[in-house]
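Structure record follows, encoded as structure tokens.
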Amino acid sequence: MSGKAMTRRGMVGTLGGMALAAAFRGSPALAAERPNIVYIMTDDHAAHALSCYGSRVNKTPNLDRIAAEGMRFEHCFVTNSLCGPSRATLLTGKYSHANGFRQNGDRFDGTQVTFPKLLQKAGYQTAVIGKWHLESDPTGFDHWCILPGQGAYHDPVFIEAGGRKKHQGYVTDLITDFAIEWLRRRDKARPFCLLYHHKAPHRNWQPDAKHAKLYEDAEIPEPETLRDDWATRSSAARNSQMTVAKHLTPGDLKKPIPPGLTPEQELKWRYQRYMQDYLRCVASVDDNVGRFLDFLDKEGLAETTLVVYTSDNGFFLGDHGWFDKRFMYEESLRVPLLVRYPKLIKAGTTSDRLVINCDYAPTFLDLAGVEPPADLHGRSLRPLLEGKPPADWRKSLYYHYYEFPGPHAVQRHYGVRTATHKLIHYYHIGEWELFDLQKDPRELRNVYADPAYAGVVAAMKAELDRLRRELKVPEDAAPQPRRSAQKGK
């Protein structure tokens, strides 16, 4: 589309937004037809640590409630598995190369179009509370109360437009308190959009007192790939620095390693310590989301509010011997996505279509009756939520990770995933991986060089090239140093 055409489209969108805002102010009935929006996002919550996704390691009854009363997406993925880039994609509906936030330490350009700004123009009151992690101050929000950087678990500082303030308490409880408080004092004559962003369960996994002894006497099941040797994988996998066996720090483990352990015994001990605290943090999130859902019920908001639960990226829970994320492997790439809106979604339904986090912004705009900008990379999930998947829904998705050199030493890579295969290109070291997701769902065998897959390789490379052209992905010729060091983010 030409620049002039885009400009005309933008002007129409702006005028339309102004008209919608006027309509909201003048017609409570019109406002009532549009859903309130609550977007709940945790940090590093893997889908396989929710019981509604079949978790072997924990139970999440309150999060399961959203799935039971709405829709569970089986195949939701992020486009860049990292905290800041995922948040920039949420706001813009665009891949990292287009929104300008490719890696942690970048600074989000708050002047660009975001879905909260468009909702504001359409009469919504908007707020973001909790983790932000985009370096610049939030724009497009009537109210914001955010953690500085990653923030602290205990007695955290929060930043508002008026300055910084330290609060006593546990961060997951406080974020929920602030979210409920904002809803209590909102303008009840207008619809709202609340981004309710938790810090947990991010490293270094500090639980609250209520859950401090949870799992203390339990044996948490180990993943089948905990002892993966990456034998057929690229050097990127072998040289990464996020193994449970070697790279968890004393600050992560919080207890001295018992003396006299064999390497195998120490691995088992390390895994249990890691998972105990991780799951304790998840339990606090689950309790607080339950408290928030109860508030919506009490206020009579459950029927008129779209509730979304997801995470900014997936996470390795000992899978492939790792913690953290970044790689295009399933545990890092895949995120939970639970959506409840009784007016639209049949309770207890699922979707197996390929969904990406670029789809969130156009979905919110669609349901609010706002025309999405033409340059978004996602599309509205509304037809999937209605149980009417269109015939032209995507059959593949593109992924691109940029943060190298950086924490955990994961090489830059991009790739394509379909329902049956995944192709990954570590483009600065010239290495490829291909996985047959039907025969090898745990991605243990790289079949890129297998002659039997030559046809699949050719087809996947063609699809990868097509997606890169369609998305206008620029060449990334040389690694650039990160602008600020935020270890482990």
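No lab work stands behind these numbers, since they all come straight from the coordinates. The shown structure was predicted, so the numbers you read here are calculated from the model rather than taken from an experiment. All Cβ positions, even for glycine, are placed from backbone atoms using ideal geometry, and neighbour counts span all protein chains on display.
So here's what we get for this one:
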| read-out | value |
| --- | --- |
| Sequence-distant residues sharing a close amide H with ILE37 (under 5 Å, placed H) | PHE192, CYS193, LEU194, LEU306 |
| From phi via Karplus (6.51, -1.76, 1.60), per-residue ³J(HN,Hα) for the stretch 295-300 in Hz, x at Gly/Pro | 5, 4, 4, 5, 8, x |
| Cα-based Rg and Dmax for the stretch 313-399, where Dmax is the largest Cα-Cα distance (Å) | 14.9, 46 |
| Equivalent ellipsoid semi-axes, the chain, via Cα gyration tensor eigenvalues times 5, rooted, Å | 34, 28, 21 |
| Per-residue HN-Hα couplings for the stretch 62-68 [Karplus 6.51, -1.76, 1.60; θ = phi - 60°; Hz; x = Gly/Pro] | 6, 5, 4, 4, 5, 5, 5 |
| Relative packing of 316-326, 354-364, which averages over residues the other C-beta atoms within 10 Å, highest first | 316-326, 354-364 |
| Simple spin-label estimate for GLU181 and LYS210 in nanometres, 7 Å along Cα-Cβ | 1.7 nm |
| Proximal aspartates and glutamates relative to LYS117, as straight alpha-carbon distance under 19 Å, when same-chain residues fewer than 8 apart are discounted | ASP109, GLU135, ASP137, ASP142, GLU160, ASP187, ASP359, ASP366, GLU371, ASP375 |
| Whole-Hz ³J(HN,Hα) from phi, Karplus 6.51 cos²θ - 1.76 cosθ + 1.60, for the stretch 216-222, glycine and proline x | 4, 9, 9, 9, 6, x, 7 |
| Set LYS59/LYS213; LYS121/LYS199; LYS121/LYS298; LYS210/LYS246; LYS439/LYS461; LYS188/LYS343 screened for pairs whose C-alpha atoms are more than 24 Å apart | LYS121/LYS199; LYS121/LYS298; LYS210/LYS246 |
| Cα centre as origin, Lys/Arg/Asp/Glu Cβ charges: the chain dipole, Debye | 1080 debye |
| Pairwise centroid distance, computed over Cα atoms, of the stretch 408-432 with the stretch 110-134, Å | 32 Å |
| Relative compactness, the stretch 269-427, computed as alpha-carbon Rg over 2.2 N^0.38 Å | 1.21 |
| Pairwise centroid distance, computed over Cα atoms, of the stretch 171-211 with the stretch 57-103, Å | 17 Å |
